[in-house]
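Step one of this worksheet: look at the structure below.
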Amino acid sequence: MAARQGWKRTAKTGKLAFMGFETTRAHQIDVFLTQEGWKDARLDWLNQDASTRRYGRLTRPDGTTALLMDAPPVEDDPCTPTLTDAERLAGGWNKQSRLAASRVEAFAAIGGWLKRNGFSAPEIHAGDPSLGLAVIEDFGTLKEFARLIEQGEDEITLYTAAAEALAELHVLDRPAVLEGLGCEWPLLAFDDLALRVNADLFADWLPELDPRMKMTDIARARWEEERDALIDQARTFPRELTLRDYHAENLIWLPERKGRARIGLLDFQDAVIGWDAWDMAMLVQDARREVSAEARDAAIRTYLNRTGKTETDFLERLAVIGALNALRITGIFSRLVSRDGKQRYLDFLPRQKRLLARNLQHPAAAGMSAFVRDTAPFIFEDA
């Protein structure tokens with residue numbers, strides 16, 4: 001476990017470092033690609049996806065392409081269904097909050113289920129969970145919603161299609177345990193503990209970034225009361241399979257396909273049993289790009305029309321789950337700036353404050369709204 005906690009990828013070389021000693025993945029990757037018939041392919045690394053995962057494009061001499069997923073199993077282990085809250089709290093972030101890990105078997109298991117149900121998840125051409133390597137289908141370049149909209153693609157068309165696919169996902173029976181690359185992968189419920197530790201990022205880290213927010217002992221007790229009140233509401237909401245990162249950077253436009261398959265899905269390995277409003281909040285309350293009111297409203301209207309869900313109830317869920325999610329992301333961005341020195345996340349914070357303020361305007365979030373107005377009024381002033 002210590003080696004996993006000490007893992008990092010060096011910025012210049014892309015090599016893995018364990019406990020201060022570098023080791024390269026090159027030999028493992030070469031052997032894996034040779035065994036799987038991709039020895040003759042050129043490998044071009046793409047932008048790093050996450051702290052312990054990266055992708056490279058494989059191109060054979062005949063022009064055939066695929067992606068190499070390099071996700072070494074060096075993180076803390078994921079949560080399992082039998083762990084107690086105490087064991088999870090002692091076991092690291094993946095057990096407390098994420099309930100998953102960056103594992104190729106998770107990607108293969110969830111992706112396989114999505115494909116069997118008519119969605120466009122990448123085909124897994126080959127994979128080795130013990131190495132954390134997989135060769136997967138390449139959807140192509142510059143097809144992400146975010147890139148297409150930058151180039152002039154109609155935002156409402158894309159967001160409406162994404163909402164249609166989400167509606168069709170949420171009418172399916174929720175799976176409990178899936179299989180990928182010979183491994184079982186349980187889909188866990190995003191529960192009270194996970195919601196608490198995620199929301200607490202706001203109270204722990206925004207005061208570190210912005211001293212205008214004062215967290216006294218009295219304020220902390222009030223925070224916990226209002227946080228738990230939101231969680232109590234979330235507990236009453238119906239559960240759905242939640243992909244977790246359903247937003248414009250991870251959605252690929254495949255208009256040559258039909259229906260739900262037009263949406264290429266990425267970064268779904270952290271899927272849990274959550275709420276319909278979580279994925280919708282990720283879609284229309286995007287932390288990294290401004291979603292127009294027209295696209296937001298069209299997506300919500302389309303989703304409601306396709307599912308038959310009641311608008312009043314859904315908007316309440318969207319406000320409560322959206323508030324919990326916005327508190328989480330505000331805390332993450334604050335931590336990235338104040339602890340990790342990643343100043344670029346300051347550019348995302350104004351939008352995130354606006355999203356939080358918008359969710360807190362709903363009557364269902366009145367208690368948390370009053371707390372934020374008293375302890376961090378600049379959230380509403382800056383919005």
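Per DSSP helix of 4 or more residues, -39500 (n - 2.57); summed, then divided by the residues of the chain. What does that give at 222 nm, rounded to the nearest 500? Don't jump to the answer; show the numbers that get you there.
Numbers: 14 runs with 172 residues, N = 383.
Helix contribution divided over all residues of the chain: -14000 deg cm²/dmol.
For the chain, a crude dipole built from +1 on the beta carbon of Lys and Arg and -1 on the beta carbon of Asp and Glu, taken about the Cα centre, is about 580 debye to the nearest 20.
Rolling a 1.4 Å probe across all protein chains gives Asp340 an accessible area of roughly 60 Å².
Shown is the FRET efficiency for Thr157 and Leu46, computed with R0 = 30 Å from the Cβ-Cβ distance and rounded to the nearest 0.05: 0.70.
Efficiency by 1/(1 + (r/R0)^6): what FRET value for Asn117 and Thr80, r their Cβ-Cβ distance, R0 = 35 Å, to the nearest 0.05?
On the way: r = 25 Å, r/R0 = 0.72.
Between Asn117 and Thr80 the formula returns 0.90.
Expressed as a whole percent, the accessible surface of the chain that belongs to carbon and sulfur atoms is 49, based on a 1.4 Å probe.
Which value, in Å to one decimal place, does the Kirkwood hydrodynamic radius take for the chain when every pair of different Cα atoms is included? Don't jump to the answer; show the numbers that get you there.
Values: mean 1/r = 0.0456 Å⁻¹.
After inverting the pairwise mean of 1/r, the radius is 21.9 Å.
Taking amide H atoms as placed 1.01 Å from N in the peptide plane, the amide H of Glu240 lies under 5 Å from those of Gly274, Trp275, Asp276, each 5 or more residues away in sequence or on another chain. Length available on full extension from Glu294 to His27: 0.36 nm per residue minus the Cα-Cα distance, which gives 91.1 nm.
Between Arg257 and Arg301, what FRET efficiency follows from the Cβ-Cβ distance if R0 is 22 Å, with the result rounded to 0.05?
Numbers: r = 23 Å, r/R0 = 1.07.
Approximately 0.40, to the nearest 0.05.
For the range 70-90, the residues whose backbone nitrogen is under 17 Å from a point 7 Å from the Cα of Ala176, taken along Cα to Cβ, are 80-83.
Take the range 55-144 with all the other protein chains still there, run a 1.4 Å probe, and you get 36 Å² of accessible area per residue. GNM on the chain, C-alpha springs below 10 Å: top fluctuator among Asp204, Asp245, Asp347? Judging by the Gaussian network model, the answer is Asp347.
Counting only heavy atoms of protein chains, what accessible area per residue, in Å², does the range 227-356 have with a probe of 1.4 Å? It would help to have the intermediate numbers written out before the result.
Values: 4780 Å² over 130 residues.
Normalised by residue count, the accessible surface of the range 227-356 is 37 Å².
Spin-label model, Ala229 to Asp340: label points 7 Å out along the Cα-to-beta-carbon direction sit 3.2 nm apart.
The values are calculated or read from the model by the stated rules, or taken from the named source; none is laboratory data. These numbers were taken from a predicted model, which means no experiment stands behind them. Neighbour counts are summed over all protein chains in view; Cβ atoms, including those assigned to glycine, are modelled from backbone coordinates with ideal geometry. Note: areas computed on protein heavy atoms with side chains; ligands, DNA, RNA excluded. Shrake-Rupley method; radii C 1.70, N 1.55, O 1.52, S 1.80 Å.
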